[in-house]
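The values are calculated or read from the model by the stated rules, or taken from the named source; none is laboratory data. Everything numeric in this text was worked out from a predicted model, so none of it was measured. Methodologically, a virtual Cβ is constructed for each residue, glycine included, from the backbone with ideal geometry; neighbour enumeration extends over all protein chains shown. The accessibility values were calculated without ligands, DNA or RNA, using every heavy atom of the protein model including side chains. Shrake-Rupley method; radii C 1.70, N 1.55, O 1.52, S 1.80 Å.
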Amino acid sequence: MSERKVRNSYVGAATRHCMGSWRATAGDGRECELELPGVPSSLAGAESVEYRTTLSDPRDPTDDIAVLTLRGLYAQATVDLPGRLDGDGPVEHDVYFTPLRLPFVPDGPTDVELSCRAPTDRFGGSHDTDRVPDEQTVPGVWRDISLETGPLPYLESVAVRPERGESGPQLRVRTSVLTGGPTTDRLSYTVRPAGDSRGGGTMERSRIETDTAGRTVVEHTVALRSPALWWPRGFGDQNRHVLRVALGEQERTTTVGICDVTVEDGSVLVNDEPIPIRGVNLVDGRAADVDRALELNATLVRARAHVPPEPLYDACDEAGLLVWQDLPLAGPGPYNTERGRTLARALTRQTARHPSVAVYAAHSEPTAVASGLGGGLLDRLRLRWQARNATYDAASARELAAALPDPSFPAVGGPGLGCDAAAYYPGWRYGTPDDIGWLLARYPTEILAAYGAPAPAGNPEDRTDATPVVTRSIAGVDDPIAARAAQAGLLGRVTERLRRERVGAVACCLRDAGEAGFGVYERDGEPKPARDTLARAFEPVQAFLVEPSAGVNRVVVVNDTTEQVSGTLRWRAGDTGGTLDLTVESRGHWENGSLQVPPDADRIGLELVSDSHRVENRYALDERV
């Protein structure tokens, strides 16, 4: 069960204040001024950055305290803030995806000193790899910074975790309250259906009991009365319930959704209903990426080795798009498993609010990516030798996965590792796109969680000698325009094979982090040719040719929907064409048709028409990757 948060709003006496500029000084002496949140790209490559500013007293006469909140504090940080209500001295923070809240009582202007350092413990994830450029990973406050004021006692924050109780679904609520001394005030909890959602409501109360000033956490469990379940897009409504926690005139609201999730045979089961995995990796996720994923007909996005900002989860909850969430751990090398378990527990608390978060993984690609371009028997023998000798710390990965919610995978890895979710790169690091069939036969997997190839971004005509180029692109393809076409062809060929064989497919990746990335969109959201190719291959109902060529071609029609599809498949190859009548059961495959392609045809076009669907697919016989 999980909980969804569209917003966590605050209503009451508190007031949010604008922040001024900060002075940033890198460890090597470089300096700049900026507004936080933000990344000082001019300090690219800095291992540490000091930030300083002075805050004027923001309180009104009715306010007792101020609360400074930092979100996305990457990666290991120390904050010195005088007048803190919750203790003395600098505060250490080393979990970038959880907010740091600092309540304080100003005594005139307050000097704030913030020291941020690059990760040294392997848990920087994708941001600590060459997949994300240095100018985007300067240590600092990346996501949000706010300053609020209010009276004491102060309703600081609310965390909610849905769970299955003996009498049914319930919400476990942790409420943080700031007090100036002893208090016995009461908190009230109200649950109501959100918008047009169904389900019953409830209201309960609990007492705050403390004898000291500072932060008090109140735990309370709220029973839910017949809550309507949250469903992925196309399989039901995104039903939600609003939890309101009030303390006097102050209140915070959180919108939650309830669902059960398991994984089986390459599908995610939500409320026991199988949801096919048609997904894309995110290397550096943003909320706007949700719309891009929906344009691709995706059912899932994978946050590869990083934890995105809260708005991305909110958008996925709203849209009914599933999220596969990794721990921020990527690549080979040792790491501290106890530190990993600490992060896993923090990640669980952070994402438990979102029903869209369906799958977890501990370690992304724990070995170096195998290589051996060229194709043919020698290439396969080389890959088989590398696979036989590939190892990773599977026991540690299992420990981390055990600290994550179910369903979770210990690792997403390459051939020979025996991972439940695989990362294979035919046509890029080894072989050709068609070798995906050989890989699946020799190294079976139910979910291919990463595949694809890089292609340059931008207009190739605008590139200069100083522009970053694709590193190890598809074999024999050096021209930027050809590389983009080859990327599209590779993704189309591999995705079609995965769907024909009922293997969950998560392509790499949605949007570039740099100029020479795996994205089917450039970093600014401009589509590459692969965008349209992947969107066609991901159509919920689509017709595929098994091996496009002159002569007899077998046809497979895939239906991922919950409804039977009956219609007509029209095809054309050169001056020849025809039709096939077909019926495909829900979540089924139709493999009873074939077509005869003349030897002089250079293209094959398919069009599937039914009462509820009209989709096209096409193949260029003279433009094979």
Out of Asp57, Asp64, sole residue that is among the charged types (D, E, K, R) and either modelled with pLDDT of 95 or more or in contact with a Phe, Trp or Tyr (Cβ under 6 Å, 6 or more places away or on another chain) (or both): Asp64
Hits in region 260-295 (condition: among the small types (Gly, Ala, Ser) and surrounded by fewer than 16 Cβ atoms within 10 Å (Cβ to Cβ)): Ala288
Candidates Arg304, Arg380 - the one that is at pLDDT 95 or above and either on the phi < 0 side of the Ramachandran plot or touching a Ser or Thr at 6+ places or on another chain (Cβ under 8 Å) (or both): Arg304
Single unsatisfied condition, Ala403 versus (1) of a type in the set (A, V, I, L, M); (2) under 27 Å from Asp260 (Cα atoms); (3) without any contact (Cβ under 8 Å) to a residue 24 or more places away in the chain: (3)
Residues of region 228-241 that turn out to be at pLDDT 90 or above and surrounded by 17 or more Cβ atoms within 10 Å (Cβ to Cβ), as a count: 9
Sole exception among (1) open to solvent by 50 Å² or more (accessible area, probe 1.4 Å); (2) without any contact (Cβ under 8 Å) to a residue 40 or more places away in the chain; (3) in contact with a strand residue (DSSP E or B) (Cβ under 8 Å, 6 or more places away or on another chain) for Ser566, by number: (2)
Residue check for Leu312: surrounded by 23 or more Cβ atoms within 10 Å (Cβ to Cβ) and in a strand (DSSP E or B): no
Some residue of region 201-211 being closer than 23 Å to Arg349 by Cα, open to solvent by 20 Å² or more (accessible area, probe 1.4 Å) and part of a loop (DSSP other than H, G, I, E, B): no
Leu381, sole failed condition from (1) surrounded by fewer than 18 Cβ atoms within 10 Å (Cβ to Cβ); (2) touching a strand residue (DSSP E or B) at 6+ places or on another chain (Cβ under 7 Å): (2)
Of residues in region 577-590 being within 34 Å of the chain's Cα centre (by Cα) and assigned to a strand (DSSP E or B), the one farthest from Gly234 (Cα to Cα): Trp590
Boolean, Leu73 is out of contact with any His (no Cβ under 7 Å at 6 or more places or on another chain), surrounded by 18 or more Cβ atoms within 10 Å (Cβ to Cβ) and not in a loop (DSSP other than H, G, I, E, B): no
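Yes or no: region 85-108 includes at least one residue that is of a type in the set (Ser, Thr, Tyr), under 30 Å from the mean Cα position of the chain (by Cα), modelled with pLDDT of 95 or more and more than 26 Å from Leu327 (Cα to Cα). Spell out the reasoning first.
Restricting attention to region 85-108, the residues satisfying the condition of being of a type in the set (Ser, Thr, Tyr) are 96, 98.
Checking which are under 30 Å from the mean Cα position of the chain (by Cα) leaves us with 96, 98.
Within this subset, residues satisfying the condition of being modelled with pLDDT of 95 or more are 96, 98.
Now drop any that are not more than 26 Å from Leu327 (Cα to Cα), which leaves none.
Scanning region 85-108, I find no residue that is of a type in the set (Ser, Thr, Tyr), under 30 Å from the mean Cα position of the chain (by Cα), modelled with pLDDT of 95 or more and more than 26 Å from Leu327 (Cα to Cα), so the answer is no.
So, in region 598-625, how many residues would count as being in a strand (DSSP E or B) and out of contact with any Ser or Thr (no Cβ under 7 Å at 6 or more places or on another chain)? So that I can check it myself, show each step before the final result.
So the first thing to find is which residues in region 598-625 are in a strand (DSSP E or B), and the list is 603-610, 614-620.
Checking the rest, the ones that are also out of contact with any Ser or Thr (no Cβ under 7 Å at 6 or more places or on another chain) come to 603-608, 614-620.
Adding up the residues that qualify gives 13.
For region 412-439, give me the residue count where each residue is among the hydrophobic types (A, V, I, L, M, F, W, C) and surrounded by fewer than 24 Cβ atoms within 10 Å (Cβ to Cβ). Don't jump to the end; show me each part of the working.
Within region 412-439, the first condition is being among the hydrophobic types (A, V, I, L, M, F, W, C), and the residues that meet it are 412, 417, 419, 421-423, 428, 436, 438-439.
Filter once more, so that each one left must be surrounded by fewer than 24 Cβ atoms within 10 Å (Cβ to Cβ): 417, 438.
Within region 412-439, residues that are among the hydrophobic types (A, V, I, L, M, F, W, C) and surrounded by fewer than 24 Cβ atoms within 10 Å (Cβ to Cβ) number 2.
Filter region 16-27 for residues that are open to solvent by 20 Å² or more (accessible area, probe 1.4 Å) and modelled with pLDDT of 95 or more; which is farthest from Thr137 (Cα to Cα)? Break it down stepwise before answering.
At the first step, the residues of region 16-27 found to be open to solvent by 20 Å² or more (accessible area, probe 1.4 Å) are 16-21, 23, 25, 27.
Right, trim to modelled with pLDDT of 95 or more and you get 23, 25, 27.
Values: Arg23: 18, Thr25: 15, Gly27: 15 Å.
For region 16-27, the residue satisfying everything is Arg23.
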Selection count, region 335-371, where residues are open to solvent by 30 Å² or more (accessible area, probe 1.4 Å), of a type in the set (A, V, I, L, M) and assigned to a helix (DSSP H, G or I): 0
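Please specify each residue of region 417-444 satisfying the condition of being free of Cβ contacts under 8 Å to residues at least 40 places away in the same chain and of a type in the set (Gly, Ala, Ser).
Looking only at region 417-444, we keep the residues that are free of Cβ contacts under 8 Å to residues at least 40 places away in the same chain, and these are 418-420, 422, 424, 439, 441, 444.
Scanning region 417-444 gives Gly418, Ala422, Ala441.
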